[in-house]
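> I am attaching a structure below and will ask some questions about it afterwards.
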Amino acid sequence: MNQLMALTIVAPLLSAATGFTLRRHPRARDAATIVGLTVATIASFATLFFVRANGAHALNVGGWSPELGIVLVADLFAALVLPVALTIILVVEIFAIGQRRTAWGANPEFAGPLLGVLTAGVSLAILTGDLFTLFVAFELILVSSYVLLTHQGQRGQIRSGMTYVVMNLFASTLFLLGLAFVYAATGTVNLALIAERIPELDAGVRVGIGAWFFVVFGTKAAIFPLFSWLPDSYPTAPTTITAVFAGLLTKIGIYAMIRFHTLTGMEDLGPVMLIIAGITMVVGAFGALAQSDVKRILSFHVISQIGYMLMGLGLFSLAGTTGAILFLIHHMPVKTVLFLVGGLVENEEGSSSLELSGGLAARRPLIAALFAIPALSLAGLPPFSGFVAKLAVIRAGIEEAATPIVVVALVAGALTLLSMTKIWLGVFWGVDNDASSPVSTAPANRRLMFTATGLAVVGTLVVSLLAGPLFDLSQRAATDLRDGSSYAEVVRG
Amino acid sequence: MIRVILTLLVAHLIGVVLAALLGSGSLRRALGVAAVAPVATSVWAVGQLAGSAEPAEASLTWVAGLDLALTFRIDAVALLMTLLVSGIGTMVFVYAMGYFPADATGGRFAATLLAFSVSMLGLVWADSVWTLFIFWEFTSITSFLLVGYKHTDPAVRTAARRALLITGGGGLVLLAGLLLLAESAGTTTISALGGVSGDRATLAAICILVGAATKSAQVPFHVWLPGAMAAPTPVSAYLHSATMVKAGVLLVAVTGASFAAVAPFKILGIGIGLGSVVWGAIGALRHRDAKLILAWGTVSQLGLLITLLAVGTGKAVFAAVAILFAHALFKAALFLVVGEIDVRTGTRSIDELGGLWRSMPIAFATATAAGLSMAGAPPLLGFAAKEAAVEAVLTLDGLDRFLVGSAVIGGSILTVAYTLRFLLGVFGPGPATPVRPRRLLMTVPAVLLGGAGLIGFVVLGGVDDIVGPAATELNSASSVYGLLRWPGFTTAFGISCGILAGGAVLGWVASRSSRPAPRTIGAMQSDRFLDGTIQRSRQITALVQHGSLPVYAATMAAAALLAALPFLGGLGTGHLAGWNSPVEAVLCAAIVGSAVAGAFVGSRLGAALTLGAVGTGVAGIFVLYGAPDLALTQLLVETIVVVGFVVGLGHLSQSFPKVDRTWRTVRLVVSVLGGTGVALALAASGADPAGQAPVAELATAAVTDGGGNNVVNVILTDIRALDTLGEVVVLATVAIGILALANARLSGEAS
């Protein structure tokens, strides 16, 4: 059974290879991608149910002992996040097939395979119990996302892709240096062993390693002041790509941070993390308010919301970590759906600019409904998952008497609400704008786009409905993470 | 009981869906469908009132770990509120069928109104702070959608946004307050809340009062309510006078007992309430739009309720509940009448209206009955309720007596005044405004609600049976009080007479004034604040997201440098050795020299060559430490890179663009410090390691398990094959990217 998790990496890679080989045959190529992603998704759910019932398990890749080789670990944290991530990619790919003729532009033939590579990278990043393999996974994600961003060869995309790739390569370099520090200090890159040995280190080195990886993962997660690569690059990409990016990329960064910093018990960094979390929330929310384009508003919200997860982590309490994990699980689908709805708006209006749209609620009530649900969730309003996640994080803050960050989190919530009303007032209310020029899409493709978005919205509702069990699982995952020895036991087998 | 509650809630939800699905059909039909659930709920509530007095509870767990549950408790307070929510709701649905033109289409209005109705029911049934909060936020959202019903008008959109942000922002403060309250009380169950005290409880009290004030349109958060009058009149009658704005009052009522020992609760509550009583009444006396007069009157009346509840004595709570009940009836009736006038004359301005007592006699009678109830004149329910309030004042002493007395007596005088001004302005003398034919569906609900004040006074005992238990539920000391039809010649009665006389004079004077309607203070400011926030956000964003890649990179380098600082703490002088052998020293000098030279050479080609020199030097270090294969790989890479640079440079200018001096210095400093920081961090890391790399184990395992004598090869192709696979895929992906860009360029040139 512990081989199953490998399928989440292997299946997308194989589908990428098949899709690339069959790139001249659109149907076969799309089929290959869908099959690969579906297999991976099913495997991830099977892993979740298995782990929930039987506890965490590890897979020693190639049969090498954890001290020497690479180990993949399906602990509850990984098993929870993996199905969410893979389902998102699958849904977006369905949407993308519908939108392909309009938005993938010049090179639709590569989109599927590239998404396959991205998926493999995401699965690997989530499952790996090895810091170096995490680096490799980040590289896979970075390269495939960069190519996805620029492969249409449009000027704006290449220019903003420059910021994206330079900043992320810089972060990769810092990651590599961090690996050197860790290997020099502990003699291993295995996460479980690192977690065991780090407490024995001199306090300076220990905190230094934590701070260093805070910068590395923080860049990936787009925290203040390291988020600059995100708002420039996200909106220029085709919607479907942005939807995947927004739902996954920064989340992998925060995922890695939650795993690394909790396993290694970096409580000393808590205050710094809380300060950065507060600034990230507010600056992101302000950034969103400043925009007048749906996709740009949503991009800045990615940043703002990362602040809440960082807040949960920075509290370094069981309730805080639980909140961070729950927030992560809530946020990934909600953010993706919002970008997909942004795609629907763009399709309908010919642009996602607030000035150029209007009156969509009357013309397309379905789009309005599809937007309203995740938007309310994002703003943290009940009865959606966003409310539960925010409540969990804020309650943890109150438990730890971290008043300033709680106040900041509430203020950022109000700002989020304001920018969501900005979208609602600009796009859905008001008068129908004559200037809008719908992108022509064949009805079949449009139906596919609506189906995918609808499915995703239902998915977010399921997350809301199952918030109770998901909270319990998050709490169990947090308990395991905070107790490094259980992770080590799993890795040792 | 859980089954009944769920059935009623689900019936509402089915109504919402059905009404929404009638999207393109007739609005009237949708409203008819939507009215079914409120009717059923009203019938059930009346049945409950007649039946058992025992509170019933029901709970559905949502997130156990956060104490999140849908917990309902049907007690006397809930039943009273249900009667208002569903009873007045039924009237409003019927009224709306007449209000909108017969050929109006679109079921969304009906669906949203019913969605509000069910949210309000959930709110008044809630017995967990979280259930209350969930439905509280629902009412904010549905209110937003209903206020913005005519959203093609920009002013309506602004008003809707203002309403949402004030009530939504208040919701966030309330969230904090409820969290703190739950922490202090140790429970989230409202009926189990005990008395709380301490700093957290004080903070909780303030937050909850602020949240309540935003919802109940209390000073200084009242500014959204006049704007919300942009909604269709059925909405104004239902949400913004009879039910939703009562949510804040209800919240103060149910938490009041717990905050008895928290002094700021009473002080702040009375302050907010008294301010609203006065400021709301002044607004009602100055505005000339009949609907706005009523809206400002609501601010004032709710202020009175908050004042009484904040004082929290048994008699005050009893009076508050009685006024709450009476207010819902008369205010809804008045709104319905104004809506009818609006539809039948096309205006709501008291400047344009006149003589309607003759042309709209039924509306006039209804408004007079409701208005007199509002003014607290006999023989109407409002009289009995206000008598209770005056009695409550007389039982107080000291400052409380003065403040609450000002609110009750002063507020009542002003109420009489604006009621008189309203009646005179709308129905009074003047040339008769032409009216369109009556619509029965609008008239009947208004008459029923307006007449209820009269009937209530006649069967005062019946009203007492509803109000009394509810007040007792909130404060057990209320149980001894009751509503009186004829109090006798008491002090309170004397005061009441004085109120009526004083108010009549004031109202008559005010109605003579033709001063134009004032500009609403606060609404514009709050809009400007929101727009200012958006403006400010643009400045902040331009500051952090300026678009300069070098500055971004410098920021990251600076962050990394800060992160390297802690390492210095782990560094002893003994850990720093320059080099292990003279050759190493020479190599290091060459590497550093090349790097520095690279920073200063002006031409791109020179820079590429110095970079190559750095790489070659590193290869030399590999040789020194016995890794010739690694060194060969490194040399190969460096050669390819330099060749690549040279080929690529052909497309660029020869030299680097000019950089200004300061910026150049900054970059130099960041680079040098960065390099030094990394070097020291690495030295510190290796100074006192907590574990050793498994070098010997790797060497053995490579041979025995991997079957290869070259350890590096075995590591790359077997032990860490997954990493290698990943990197191979990375390279393949880069190749795809190049291919894609080349294709894109080719197709771009072809077209």
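The values are calculated or read from the model by the stated rules, or taken from the named source; none is laboratory data. Nothing here was measured: the structure is a model prediction, and the numbers come from that model. Virtual Cβ from ideal backbone geometry, glycine too; neighbours counted across all protein chains shown. Quick note on the areas: whole protein, heavy atoms, side chains included, nothing else; ligands and nucleic acids left out. Shrake-Rupley method; radii C 1.70, N 1.55, O 1.52, S 1.80 Å.
> How much solvent-accessible surface does A:ARG395 expose, in Å² to the nearest 10, with a 1.4 Å probe and all protein chains in place?
Spelled out: A:ARG395, probe radius 1.4 Å, area about 50 Å².
> First measure r as the distance between the Cβ atoms of B:THR639 and A:GLN3, then evaluate 1/(1 + (r/R0)^6) with R0 = 30 Å and state the FRET efficiency to the nearest 0.05.
Efficiency for this residue pair is about 0.10.
> If you don't mind, there's one more thing I want to ask. List residues of region B:700-738, by number, whose backbone nitrogen lies under 18 Å from a label position 7 Å along Cα→C-beta of A:LEU176.
Correct set: B:716, B:723-735.
> Hey, another quick one. Modelled label-to-label distance, B:ALA732 and B:PHE489, 7 Å Cα→beta-carbon offset: nm?
Between B:ALA732 and B:PHE489, the label points sit 10.5 nm apart.
> Let me know the shape class of region A:355-493, please: from the alpha-carbon gyration tensor, a ≥ b ≥ c as square roots of the eigenvalues, rounded when a/c is under 1.5, otherwise prolate if a/b is greater than b/c, or oblate.
It comes out oblate by the Cα gyration axes.
> Looking only at Cα atoms, what is the convex hull volume of region A:227-378 per residue, in Å³?
Working: hull volume 14.6 nm³, N = 152.
So the per-residue Cα hull volume is 96 Å³.
> Order A:LEU378, B:LEU561, most accessible first, counting only protein heavy atoms with a 1.4 angstrom probe.
Numbers: A:LEU378 5, B:LEU561 45 Å².
In descending accessible area the options line up as B:LEU561, A:LEU378.
> Threshold 20 Å², probe 1.4 Å: give the residues of region A:1-35, in number order, that are less accessible with all protein chains present than with their chain alone.
In region A:1-35, residues shielded by partner chains: A:LEU13, A:PHE20.
> Let me ask something additional. What whole-number distance in Å separates the alpha-carbon centres of region B:391-409 and region B:292-329?
14
> Roughly what percent of Cα-Cα pairs across chain A reach past 39 Å?
Looking at chain A, the distances longer than 39 Å represent 16 percent of pairs.
> Moving to a separate point now. Could you state the accessible area per residue of region B:174-309 in Å², with a 1.4 Å probe and every protein chain left in place?
22
> Working from the alpha-carbon coordinates of the protein assembly as shown, get Rg over Rh, Rh being the Kirkwood radius.
That ratio equals 1.04.
> Here's something else I'd like to know. Simple spin-label model, 7 Å along Cα-to-Cβ: B:ALA696 to B:ALA261 in nm?
Those two pseudo-labels are separated by 6.8 nm.
> Averaging sequence separations of C-alpha pairs under 8 Å and six or more residues apart, then dividing by the length of chain B, give the relative contact order as a whole percent.
10
> Please work out the C-alpha center-to-center distance from region A:330-391 to region B:1-55 and express it in whole Å.
Here the two parts' Cα centres lie 29 Å apart.
> Output the 0 to 90 degree angle, nearest 10, between the alpha-carbon long axis of helix B:290-311 and the longest principal axis computed from the alpha carbons of chain B.
That helix lies at roughly 80 degrees to the long axis.
> Something else about it: Compute the label zone of A:LEU169 within region B:582-597: residues whose backbone N is under 16 Å from the point 7 Å along Cα-to-Cβ.
none
> Now a separate question. Rounded to the nearest percent, how much of the accessible area of the protein assembly as shown (1.4 Å probe, protein heavy atoms only) is carbon and sulfur? Mind showing how you got there, number by number?
Working: 29520 of 43920 Å².
That share works out to 67 percent.
> By how many degrees, between 0 and 90 and to the nearest 10, does the Cα long axis of helix B:721-750 differ from the longest principal axis of chain B?
So the helix axis and the longest Cα principal axis differ by about 80 degrees.
> Continuing with the same structure: How much accessible area is lost when chains B and A come together, counting both sides, with a 1.4 Å probe, in Å² rounded to the nearest 100?
Roughly 8400 Å².
> Taking the Cα atoms only, what angle lies between the long axis of helix B:411-427 and the longest principal axis of chain B, rounded to 10 degrees?
So the helix axis and the longest Cα principal axis differ by about 80 degrees.
> Give the calculated FRET efficiency between A:THR38 and B:LYS150 to the nearest 0.05, with a Förster radius of 41 Å applied to their Cβ-Cβ distance. Please list the in-between numbers first.
Numbers: r = 47 Å, r/R0 = 1.14.
Taking R0 as 41 Å, the efficiency between A:THR38 and B:LYS150 is 0.30.
> Ok, one more. Just read off the accessible area of B:HIS222 with the full protein assembly in place, 1.4 Å probe, to the nearest 10 Å².
10
> How long, wide and thick is chain B, going by the Cα atoms along their three principal axes, in whole angstroms, largest first?
113, 62, 50
> Could you tell me the relative contact order of chain A? Use alpha-carbon pairs under 8 Å, at least six residues apart, and round to a whole percent.
Details: 880 pairs, mean separation 85.4, N = 493.
In percent, rounded to a whole number, it is 17.
> List the residues of region B:647-684 whose backbone N lies under 14 Å from a point placed 7 Å from the Cα of B:VAL596 along the Cα-to-Cβ direction.
B:669, B:672-673, B:676
> Using alpha-carbon positions, what is the distance between the centroids of region B:421-476 and region A:449-489, in Å?
The two parts, judged by their Cα centres, are 52 Å apart.
> Between B:LEU632 and B:SER581, how many nm apart are label points set 7 Å from Cα along the C-beta direction?
2.0
> Rg over Rh of region B:271-365, using C-alpha atoms and the Kirkwood radius, what does it come to?
Expressed as Rg/Rh, it is 1.07.
> If R₀ is 60 angstrom, what is the calculated FRET efficiency for the pair B:LEU6 and B:ALA365, using the beta carbon separation as r and rounding to 0.05?
Numbers: r = 42 Å, r/R0 = 0.70.
The value I calculate is 0.90.
> Taking loop as defined by DSSP and a crowding limit of 15 other beta carbons within 10 Å, which GluC sites (Glu not before Pro) in region A:291-392 fit?
Passing both the DSSP loop test and the Cβ count: A:GLU355.
> Something else about it: Two decimals is fine: what is log10 I(q)/I(0) at q = 0.14, 0.15 Å⁻¹ for region B:263-515, from a Debye sum with one equal scatterer on every Cα and no solvent?
-0.87, -0.98
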